[in-house]
Structures are given as C-alpha cells and as structure tokens.
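The values are calculated or read from the model by the stated rules, or taken from the named source; none is laboratory data. This structure is a prediction, so every number in the text was calculated from the model and none was measured. Here the Cβ positions follow ideal geometry from the backbone for every residue, glycine too, while neighbour counts run over all protein chains shown. SASA here: full protein model, heavy atoms, side chains in, ligands and nucleic acids out. Shrake-Rupley method; radii C 1.70, N 1.55, O 1.52, S 1.80 Å.
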Amino acid sequence: MNFSEPFKLSGLLGRFSPDGKCLASCVQYRLVVRDVNTLQILQLYTCLDQIQYIEWSSDSLFILCAMYKRGIVQVWSLEQPDWHCKIDEGSAGLVASCWSPDGRHILNTTEFHLRITVWSLCTKSVSYIKYPKACQQGVAFTKDGRYMAVAERRDCKDFVSIFVCSDWQLLRGQHFDTETQDLFGIEWAPNGCVLAVWDTCLEYKILLYSLDGRLLSTYRAYEWSLGIKSIAWSPSSQFLAIGSYDEKVRILNHVTWKKITEFEHPATIANTKTIVYKEVEKSPSVETERLSFPPPRALASSLFSTQSKYDVSQVPVSLQYIKPAADRANPKMGIGMLAFSPDNCFLATKNDNIPNAVWIWDIQKLKLFVVLEQLCAIQSFQWDPRQPRLAVCTGNSKVYFWSPAGCVSVQVPGEGDFQIVSLSWHASGDSMVLLSKENFCVCYLEREEVK
Amino acid sequence: MGDWKTITVPVLSSDSKNIFQYTSDKKISSPSMNSQVLRLPLPSSKSMHSFFSAFCTEENIEQSISYLNRELTTLGFPSIYAESKGKELNLISIINCMNELLVLQHKNLRAQEEVEMQHLKLGSDMDHLQNCYAKLKEQLELSKREIVGLQERDRQLQSKNRNLHQLLKNEKDEVQKLQNIISSRATQYNHDMKRKEREYNKLKERLHQLVMNKKDRKIAMEVLNYVGRADGKRGAWRTDKTEARNEEEMYKVLLSDYEQRQKQLLVENAELKKVLQQMKKDIISLLPPQKQKPKERSEDGPVLSDLEEDIGELNKENMWELSCETVREQLTNSIRKQWRMLKNHVEKLDNQVSRVHSGALNDKDVISREDHEMETEKLELEIQQCKEMIKTQQQLLQQQLMSPCDDDTTLLLQDCYLLEERERLQEEWRLFQEQKKNFEKERRSFTEAAIRLGLERKAFEEDRGTWLKQQFLSSEQDNRLVKSTSQQRKPHCVLSSSVSAEPCQTSHYTTRNSSSVASKKPAGDDSKPNRWVESDKEETE
C-alpha cells in the first residue's frame, strides 16, 4: 500500500473523475486537476470566488464549480482548457447545483428553493422546474440517467414529477401527489423502476412508486416515535434497507415490499457467531538512548502517532453507548449511515448511539457478521466499488480496511496530523482519496495486499 | 351389666335373712364402663360355712331334704328319694344330681366367663371409637379454621388482583389519553405549519416576482461556444410525439423489468417445485410400510392410495407447465399430509423410546423388549460360538502350518496317517479277495454246467438220430398203409405232418433252447431247460 504525499485541499472537495483518469481538488478558488497515477497537475483553473462545490460531468470532460455566495457556476473543460462557461443566477441566488446525467445540462437550485433552472450547454434553451421541495434529496436521477424525479410542494402537499432527461419533458401523467406529510427524500432503485419516497422523521412512512407513478406499497413500522433516518437500496434492487431512529434497520424485499427482517443494534453483543474486532493501541517502541535533540522529523511523527491494531474480542462485548439529550432536535441517535456492498452480500451500518462501531451484516444469512469497534467515532465509510471491502475513517490519521478475510488498520505516513474525515474510492477499487480539512492524500492499494 | 337378680328363696327359716342379705350383697352395679371387675360368685370360705350351716341344721334335715327334692324335681332331676314317698334317700341319685349340678355350675361359669370377655371387648371397642371420634372432631375443627384462613387470603388476593387490573386500566387510559394528546398536538402543529408554509409560499412568490422583474443583474449564462451533445444528437423540439415516445419508452423499461423478474420467479418456482417433489418422495420412502400398523391402515390406506395416484399424476406431467392453482394446492397439500404422517410416526417412535426408557409396563413393549433382548442374547451366543470355532480352526491351521517344529511328532503323525491308509487299503484288499473267490466259484460252477450241457446235448443228438431212424422206418410202413385207405392217411398225414412238424419244432426248440442256454448267464438255469427238453422228449416219445 502506497501513500502519496499530502496535498492542500479546502472544503473536502476531492473527486475522482468518473472515468478514473483524473483527480480534481480545489484549494480556495483554484481548481487543480491531477493525473491519478502520477498526481501530476494536468490543469489548473482559477474561479471567481471560493469554490463550494465541484462535480465532474458524467463523461469526465467537464467540471462544474459552484460558488454559492456569488451565485455563480463555472464550468471548465478538460479537453479545451480555453473553453469557459459561467452561469450567473444573479439575485435568484444559488443553493445547489448539479449535472444532469448526460453531462450537458446543469441544474441550479435557486435560493429559498424558488425554482430549479436547467441550463443547457448545447442549446440555448433554459427550463424551469417550479416549486421544488426544499429537502435533502429533492432531485434523483435513475442510474441509467434516463429519468429524473423531482420532489415538489404545492399547496402544502408533496408531489413528485418524473422528467425524461433527454428532453426535459414531463412524463405524461407522472405528476403525482404523495401521501407524505413532509417529504424528506426520494431515491431511485438501481434498476430504475421503483422510486422510494420517505417522509420526515416525525412520521415513519416510506412509499414505493413505480416508474409510471403508481403507488406500489406503503410501509409504516410504528407511529409517533421518530422515524426514518437513512435508506439504502441494494445494488440488485432486491432489498431496501431503512435505518430509523429506534436503532433498527428494517429490510424490505422487492417482491412483496414487506419487511423480511429487522437488524437491531444493541449495546451488548451476545451472539457467539459474531466477530468483534476491537481497535487497540500499540505503544510504539522507542529506544530512549537514541534520542537526540532536536528529534528528526520521522522520529517525531512516529513518536506522536500511535500504532494500532485489531484484536478479536471475546463475545459478549459491550460497546460504548451514548444517550443523546432528549430535548434537542435531530438527536444523534438511530441509524445514520447505511451502505450495501457492491456484490450485495454485506450491509454496513452505523448506529449513532454507538458512534465508535461499524456493524457489518451478512445479507445472505440476514445475520450480524462483524462489528468493528474503533477508538474514535466513525466519520465515514465506503465500500470498494469492485469487491466487498470496506474502508473506514474515524478522524485520525489511520484508515481501516475490512474484508471477509480480516481487517487491518493502516497508518498514513506523514508529518503532523492528518485527520481523515472523509474518503472516496476510485472507480477501479485500486486507489482511494483520503480527505481531511486541510489536505488530501491518495492511497494506492496493491491488488494482492489488502484482502 | 353387673346387676344380679336377687333370687328370692322361698320358705326358709331365719336363715333366709342371711341369704337375703347375702344375695342382696351380691348386687353388683358397675357404673363406669371401664370397670372390668367382676365379683366372683364363689364366696369366701367363712361365709361358705355359714351359708351351708344356715340352710341345713340337725333340726330340719328332713325338711331340707324334702325341699331339695322338690327343687331338684322341678329342675328336672330325678328324685333323691329311693321310693316316691319313702324316707330312704337314693344315694346314687343324690350323687348323680350333685354331679349334674356341678356340671351345670361349670357350664354356667364358662358362659359367664365368655360373657365377661365379650363385655371387655365391647368396652375396649367403645373406648377406641370414642377416641377416634374425638380426634376427628379436632381435625374437623382445624380444617374449618384453615378454610376460613384460605378464604380470607383468597379474598385478599382477589382484591389485589382487582386493584392491579384497575391500575392497568388506568395506565392504559393514560396512555390512550397521551396518545390522543399527541395526535391532537400533531394536528395542531400540522395546521400551524401549513399556515406558515402558505405564508412562506406567498413570500416566495413575491420574491420570485421581484427577482424576475429586476433587470439590473442579468441572469444569464455566458459560454464561449455551445458544446455538442454527449451522444452527438441534435436537440429536438418538444412535441406530443416525443411525449408519446417518452411514455412508450418508459413502459418498455417497466415491462422489461417485470419480465425479468417474472422469469426469475418462474425459475425459482420450478426449482422449488422440484425440491418439493423430491421431498415428497423422500418422505414417502421414509415412512414405514403400513402393514405394521393395522390401526392406521384403515385411515391412511385410502389416503395413501390417493396420494400415490396424485404422485403418479404429477410425476407424469411436466412440472414446468403446471402452474395452476389446483395443482399447486394439491402438491402442497399432499406434502403437508405426508409430513404430518412422518411427524406422527416420529412422535410415536419417540414415545416408544421414551416408554422403553422409563420402563413402563406395557405388554407389547415389554414383550418386544424381551424379544429384543433374547434375540440379542442369541446373536451374541452365535457370535461367541462362531468366534470359538474360528479360533479352533485357526489353531489347527496354525498347527498345520507350524508342523516342522517337532520332527518326532510329525513323523508320528505321518505314521498315523500311513497306518490309517494302510488299514483302509487292507480292508479293501480283503473285500477284493472275497469277491475274487466268489467269482472263481461261480466260474467253476458255470464251466461244470456247460460241460454237463454239452454231454446232454450229445445224448440228445444220439436220441434224435435213433428217433429219426425209427420215424423214417415207421413212415415207410405208413405210406404202404396209406395207399390202401386214403381217408386214414390224412390223419396219419396229419400225424406225420404233425410228427414231421414236431421234430422241426422240437429241433427249433432245442436250437432255441441251446441258444437260450448259451445266451443265458451261468446262474444255474441250465438245469431247467435241460429238464424241460428231457420232459418234452419224454412226451414225444
């Protein structure tokens, strides 16, 4: 495993291009495009203001940089560095911006969610989508990029409109109202035929609509308590995992849309078949005689960074449980993160009540498989897009990998702190970019090594 | 019980007072039931004397005697006087009476003892019963008190139960109330939210208008040059046709997804059906043959036969094509039935096993167990025997193989074998010799018989020759006679012919005979035909 040297970064904006050749990162108002393998700077673009958001177009030819404060979106071309494009929303303001799946349209959400403007890069046409819903996931594209679902709200009722991405036409009759109180998010199934719509956390309700707008099913687990926190579709569209505030994940199956199982996340793990990996610190061995002043850089870093390794804990294991304050909104409880592995075999979850643990469930057996207990709170995790390998970061300078063969903790070499807050895999699964607040570094994995 | 009747003795002198007193003293009353004391009837020796002297004195001898006589006669005893009116006493009768009286006294005593014994017994029984009665009364009292206590406890528990129910109801009511409160608050909040949202929407609309109206900052896109579409196509107008096309495409997408899913489900279904079929076959094969359980036969026999038919039907037809309800139901029902039967069977076996373990006395089981044990013992014995046999055989084999260990013994053994053989051979030789002798004897007898036969044959030939000569001579004479009388010839001719025929016949016969003699075995049959020939010859001659 090789690590590159850390590079400057701001705003956690480090993205691999979809074709995997380039890596875009931004430092303040500059956009740097590097080659993935050599990390040599290929292009350098300067924007008008501090960049808040960047996104690659689907064909990796363009990058958009959004500056929300100024309400400007700038688009850069990789093929033609001289080409430039600037979209000014003016007084309408800008809250969000994203590419359309064909890579030629940019959807800007204006302030106060007044409207979504669809700017086209190939024609002079502009489309407007009125009354978009001000929610986290209000726009969802199907995986094949054909259809786009937009959540709207009119007259205090939620609606979903389905548009054809090729010509931004509303699919006939596909403007339906949902039975939600206050729609929180929408997400397409990977097969593009089912749209999951779920309600605010005050109501546990998830609705499943078919592509043609028919309501397929409604699922409500319970009333009154806080409801859905996160959802995830399995890559084969067979399962829908719903994580809720009651620290449970419920799995619905795609045939009957009924719950097939629930996964509980208790603080004590008693099942002997579960493997619990606990991260323990290894104190570094320092030869005191050899110490000299001033200490050389390498030694200094190794003195201050502690090695850690995984130990298999004996079941029963009790994990650190945090009960959040009951009188605050958006409490840190419930299942906050859900992710299916790309081969559909595993589901990784994080219970916000137990922030130091990652729970890995075996989907074939519908049982808890592994629990990773870390020393610090989990910041993020992501599955390798090619194989069942999970990378976890907890805000320290280590990155942790788990695969069915075992798990390993890797220290990122380098001076100073490198607090990894986020990570992102390369599409090939050979490398990943580790992001911290100030820097980023790329980690290259050898095929045979970490298994 | 102890009361004695006072016997008034009539007609007595001043002594009677004493008697009265005495007899009245004998009044024994036993007030307490427990007293077992009986006063013996025999008085003390002192009073005895006074008693005796009180009755009879020198003055009233005759009167006392006559009184006694009267009493005895009234009691049925013979008179003590010698004669009816005489004064002579019959000593013998007196003695007899005395004896009788003594015997009577003894009997009465015995009867009295018995009665007293019975009296004692009854008294003890009575005491015992009284004790029991007292105890039972105590017990009854105790249980009554207990019942009262338990009833009290029961009442307390019931009241507690009622209280708890009440509490539960209260809690439930509270929960319901809280839920109602929550729901009402939620509706209130929703209403407020909606109101605020409407206001907000109004603001947004206003803002939108303002934003759109403002012309100073142009909302526009600056682009160097327009880029071609990703897929190279040119932009198209939005028309109804395109709308329809879009819709069509959407439906196509949906349909393809459904078709794919249906295919998967069909495949899964077919596999599951196969598995079910397999399971059914396995279950049927696992189930025991029904003849062991005649009871079940009547129930399951027809069911099984139906199932067999079903199985046959289902097996014949192609499973993939059968997806209609009835067939599916049949299959599942038949599997369920089979499974139930198997479960019952397994349960029965479990029961049997558990009963055997617990050792309950059920004839069937006991016998079967005994049989089982017997059989196992038999088998063990057999095994033992076989093992022993194998052992001995092995030993023998070992000995055989290990023969050169001791030369003397081997030689001895060999000698033994040789001796055996020799003896056998000797016997055979003996037999052979005997047979040989027999054969020799027979041969000799045959040769003698043959010689005799030859001689006889020779004699016969000579006789024949002479007879032929005679015949020939006689026949010439006859021929002369024949010429004279023709009628007489015929019989003669006949005769002659017959005669001439005869020697042929006889010659035939002899030849035959000799041939037969030659052919026949030398078993002493020669004598017969010889004799026969001779007799024939005699006849003819």
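Between the beta carbons of A:Ala427 and A:Gln137, assuming R0 = 25 Å, the FRET efficiency works out to 0.65 to the nearest 0.05. Debye-formula intensities of the stretch A:108-235, expressed as log10 I(q)/I(0) at q = 0.22 Å⁻¹, are -1.38 (one equal scatterer per alpha-carbon, no solvent).
Here A:Ala270 and A:Lys365 are evaluated by their C-beta separation; at R0 = 22 Å the FRET efficiency comes out at 0.80.
Excluding ligands, DNA and RNA, the accessible surface per residue across the stretch A:1-155 is 40 Å² with a 1.4 Å probe.
3J(HN,Hα) couplings calculated from phi for the stretch B:140-145 with the Karplus curve 6.51 cos²θ - 1.76 cosθ + 1.60 (θ = phi - 60°) are, in sequence order, 4, 4, 4, 5, 4, 5 Hz; Gly and Pro show x.
Solvent exposure of B:Tyr417, expressed as accessible area, is near 130 Å², computed with a probe of 1.4 Å over the protein chains only.
If you roll a 1.4 angstrom probe over the protein chains with everything in place, what fraction of the accessible area of chain A belongs to carbon and sulfur, to the nearest %?
50 percent
Each residue, B:Gln470 and A:Ala326, gets one label point 7 Å from its Cα in the Cβ direction; the gap between the two is 16.6 nm. When chains A and B come together, the accessible area they lose, probed at 1.4 Å and totalled over both chains, is close to 4700 Å².
Computed over the alpha-carbon pairs of the stretch A:377-433, the distance histogram in 10 Å steps reads 24, 56, 19, 1 percent, short to long.
Placing a label point 7 Å from the Cα of A:Ser125 along the Cα-to-Cβ direction, the residues of the stretch A:168-207 with a backbone N closer than 15 Å are A:168-172.
Gain on full extension, evaluated as 0.36 nm per residue between B:Leu102 and B:Asn201 minus their Cα-Cα distance, stands at 21.2 nm. The accessible-area ordering, largest first, of the residues B:Phe55, A:Phe112 stands as A:Phe112, B:Phe55, per a 1.4 angstrom probe. Here the Karplus curve 6.51 cos²θ - 1.76 cosθ + 1.60, taken at θ = phi - 60°, turns the phi angles of the stretch A:225-242 into couplings of 6, 4, x, 6, 9, 8, 9, 8, 8, 6, x, 8, 6, 6, 10, 10, 9, 10 Hz, with x standing for Gly and Pro. For the stretch A:393-410, putting each phi into the Karplus relation 6.51 cos²θ - 1.76 cosθ + 1.60 with θ = phi - 60° gives couplings of 10, 10, x, 10, 8, 10, 10, 10, 10, 10, 9, x, 7, x, 9, 9, 10, 10 Hz, in residue order, rounded to whole numbers and with x for Gly and Pro. Legend: translational diffusion of the stretch A:1-151 by Stokes-Einstein, Rh = Kirkwood radius over C-alpha pairs, 25 °C, 0.890 mPa s; D = 153 µm²/s. Take every pair of alpha-carbon atoms less than 8 Å apart whose residues are at least six positions apart; their mean separation over the length of the stretch A:8-131 yields a relative contact order of 14 percent. Within the stretch A:48-92, the residues that become at least 50 Å² less accessible when every protein chain is included than when their own chain is isolated (1.4 Å probe; DNA, RNA and ligands ignored) are A:Trp83, A:His84, A:Lys86, A:Asp88, A:Ser91. Alpha-carbon geometry of the stretch B:122-193: the Rg and the Dmax are 30.7, 103 Å, given in that order.
When Rg and Dmax are taken over the Cα atoms of the stretch A:1-58, they come to 11.2, 38 Å. Here B:Lys441 and B:Glu380 are evaluated by their C-beta separation; at R0 = 60 Å the FRET efficiency comes out at 0.40. Only helical runs count toward this figure. For chain A, summing -39,500 (n - 2.57) over DSSP H runs of n ≥ 4 and dividing by all residues gives -500 deg cm²/dmol at 222 nm. Beyond 31 Å in Cα-Cα separation lie the following of the pairs A:Lys273/A:Lys332; A:Lys323/A:Lys367; A:Lys248/B:Lys280: A:Lys248/B:Lys280. For A:Tyr147, the residues 5 or more places off, or on other chains, whose built amide H falls under 5 Å of its own are A:Thr142, A:Cys165. Close amide-amide hydrogen proximity is noted between A:Tyr68 and A:Gln52, each under 5 Å apart and 5 or more residues distant or on a separate chain (H modeled in the peptide plane; Pro and chain starts excluded).
Set the bar at 30 Å for Cα to Cα. Now go through A:Lys258/B:Lys252; A:Lys259/B:Lys202; A:Lys205/A:Lys365; A:Lys229/B:Lys194 and name every pair that lies beyond it. Before the final figure, lay out the partial values.
Values: A:Lys258/B:Lys252 26 Å; A:Lys259/B:Lys202 41 Å; A:Lys205/A:Lys365 27 Å; A:Lys229/B:Lys194 23 Å.
Result: A:Lys259/B:Lys202 exceed 30 Å.
The Cα atoms of chain A give a gyration tensor whose axes a ≥ b ≥ c have a/c of 1.5 or more with a/b no greater than b/c, which makes the shape oblate. In this rough spin-label picture, where each label sits 7 Å from Cα along the Cβ direction, the A:Cys376-B:Met117 distance is 11.3 nm.
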